1. Return the FRET efficiency for the residue pair TRP115, GLU395: r is the Cβ-Cβ distance, R0 is 35 Å, and the value is rounded to the nearest 0.05.
2. May I ask for the distance between the Cα centers of segment 249-263 and segment 322-348, given as a whole number of Å?
3. With a 1.4 Å probe and all protein chains left in place, how much of the accessible area of the chain comes from carbon and sulfur atoms, in whole percent?
4. Treating the angle as unsigned and between 0 and 90°, give the value, to the nearest 10°, between the Cα long axis of helix 174-195 and the longest Cα principal axis of the chain.
5. Which ³J(HN,Hα) values in Hz, rounded to whole numbers, follow from the phi angles of segment 129-138 under the Karplus curve 6.51 cos²θ - 1.76 cosθ + 1.60, where θ = phi - 60° and Gly and Pro get x?
6. Which value, in nm² and rounded to one decimal, describes the direction-averaged projected area of the C-alpha convex hull of segment 330-428?
7. Rank ALA57, TRP97, ILE46 by how far each Cα sits towards the positive end of the charge dipole of segment 15-125 (+1 on Lys, Arg Cβ; -1 on Asp, Glu Cβ) and give me just the farthest.
8. Compare VAL362, VAL180, VAL91 in a GNM of the chain, Cα atoms joined below 10 Å, and give the one with the largest fluctuation.
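The values are calculated or read from the model by the stated rules, or taken from the named source; none is laboratory data. Computed from a predicted model, the values in this text were never measured in an experiment. Here the Cβ is made from the backbone with ideal geometry for all residues, glycine too, and neighbour counts use every protein chain on show. Heads up: the accessible areas ignore ligands, DNA and RNA and are worked out on the full protein's heavy atoms, side chains in. Shrake-Rupley method; radii C 1.70, N 1.55, O 1.52, S 1.80 Å.
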Amino acid sequence: MTNVNSTAVAAKGRNIYPWVVVGLLWVVALLNYMDRQMLSTMQQAIGETIQPIRDPANFGRLMAIFLWIYGLMSPVSGAIADRLSRKWLIVGSLLVWSSVTLAMGFCTTFNQIFWLRALMGVSEALYIPAGLSLIADYFTGSARSLAIGIHMTGLYTGQALGGFGATVAHAFSWQHTFLVFGIVGIAYAVVLAIALREKRRNASDHAVGVDDTDATTMNVSKKESVVKTFAMIFSNIAFWVILFFFATSSLPGWATKNWLPTLFAESLGISPAEAGPLATITIAVSSFIGVMVGGPMSDRWVKRNLRGRIYTSAIGMALMIPALILIGVGHSLPTAIAAGLCFGLGYGMFDTNNMPILCQFVPARQRASAYGLMNMTGVFAGAAVTEILGSWAKEGDLGTGFVVMGAVLVVAMVLQLTLLRPKSDDAV
């Protein structure tokens, strides 16, 4: 009887721990986006001390350098995550970018912030492929979209809290804001080192919560060279389609993160301290709703139709298109709120299904590498649009850019629905 009870307790622990992983990584995702987002809402506050940041072109360069470095590092990070302990990769990543955030509180020149922002791009790139791959390995059943979606709400929450950067900077100082959140991240890295466990990846591992240990000797990707991994990924036609719709959707994704507070301040005639929270919270709250709707919808739909995840993602994209047009042409508070809510709802439904759709076409041993490539392409698209919008903002045409991005999404949605036809929900 004792052995039976012990077995039952152990089984229950294995069933619960995957959700513990989601909870632990949710906080990391929050810190990941909050630390990078704060800068975009504190342009005016930092500009009072460091004058060059006030120039829209310089500010665009500052935001873009993070994206370029982040993008270049993403495939490297994915390849590393497919071969080494994702736990320690995540812990190390959090520790470094939190230290960078802390150091930004001591900056006195534009160049100092510029190069620290570049270093943050390196450290933050190490997280997403490893984190999503780890969650996908823990959830091989019907809850995969929901689990990944809940994790993504950490990104949205971090984005929303980052929107208060200008508010906190106004109440205290921008230096104090960076110092406090840098210390918080360093402390949480210690917690993560104790509580997070790696998940073994091997050909017979099909049950949630099985073999969750720090050992990595069973990781089959160690038998496959990096060159072979990327060659196999690039030979997969479905991956190219996923890569395209992910990249095109990254255009408005990054544009709203980096430029929507500025656009709202200009089009609505409000202060940056008001525009930052309005832009970030509106989208973050509705994105959370989109995840909670799109995750379970996808998980249920895929049981009846293997294209269920693709259909759910397409519905999300269909909601984003009119929202971008409203964002671009609207000049009233109700319009801005409605557009932000619609965009966030669609983006949440889209975002929660990216990794689950990838899992339908790419085997577990290559997923971090594949997502790293996706991240790189999406980020490069985001970096380009960030710089372009910086130039448009200088000419007073920022809203037009959002309308154009809506048109691009139409093409991506059509390709997604036409060409993606999975044969399994978990490619081997």
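1. The calculated FRET efficiency here is 0.75.
2. 12
3. Heavy-atom surface of the chain belonging to carbon and sulfur, 1.4 Å probe: 70 percent.
4. That works out to roughly 0 degrees.
5. So the J values, rounded to whole Hz, are x, 5, x, 5, 5, 5, 5, 4, 6, 6.
6. 7.6
7. Positive-end residue among those listed: TRP97.
8. VAL180
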